[in-house]
Amino acid sequence: MNRPRDAIFVASAGIAAIAAATIAGAWFFELVLDIRPCPLCLEQRYAYYLAIPLAALVAFGASQGVSRRLLGAGLVILALALLANAGLGAYHAGVEWGFWQGPTDCSGPIVDFGNTGNLLDSLNKVKVIRCDEVQWRFLGLSLAGYNALISLGMAALAAWGAAKAR
């Protein structure tokens, strides 16, 4: 039994499972509960779309005896991507709390109405999901806040696994 390889497997398999459960939860909120994601919410999903297959690949590599150095590099990439995603989630939560201005395409005043003759038609066809309005909170945190915490936890798990790969 190879302890460092076991730790790498546990870290990467844990990240894959947590990321898959989190993205499944996001899809549940969107498709079942009809809580539509804003543009920042959709951007926060990119890290999960990277983390799931990369973490699964690292876990498979650990089970097959791949070089610890290569596995460690995969975990470092995961840690960095998830840390960046935690930052994006914290930024989004700050936009929701009004700490700072969000992107102009999904927060702030709407200034360009285009052709006023088509305004009512456009409003009926498009549902704008604002980044600065919280659609759901639990225990005071929005989904962006939970994303920041989950991503931070997975980044810590990836860093622990990378440290064991040394």
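Shown is the FRET efficiency for Phe60 and Trp97, computed with R0 = 35 Å from the Cβ-Cβ distance and rounded to the nearest 0.05: 0.30.
How much length is gained if the chain between Ile35 and Asp6 is pulled fully straight, taking 0.36 nm per residue apart and subtracting their Cα-Cα distance, in nm to one decimal? Each step should come with its number before you reach the end.
Working: separation 29, 0.36 × 29 = 10.44 nm, distance 3.89 nm.
Working it through step by step, the gained length comes to 6.5 nm.
Dipole of region 1-63 computed with +1 at Lys/Arg Cβ and -1 at Asp/Glu Cβ about the Cα centre; of Ala62, Ile35, Leu50, farthest Cα towards the positive end is Ala62.
None of the figures in this text is laboratory data; all of them are computed from the coordinates on show. From a predicted model like this one, the values you see are computed outputs, not experimental measurements. Ideal geometry is used to build each Cβ from the backbone, glycine not excepted, and the neighbour counts take in all protein chains shown.
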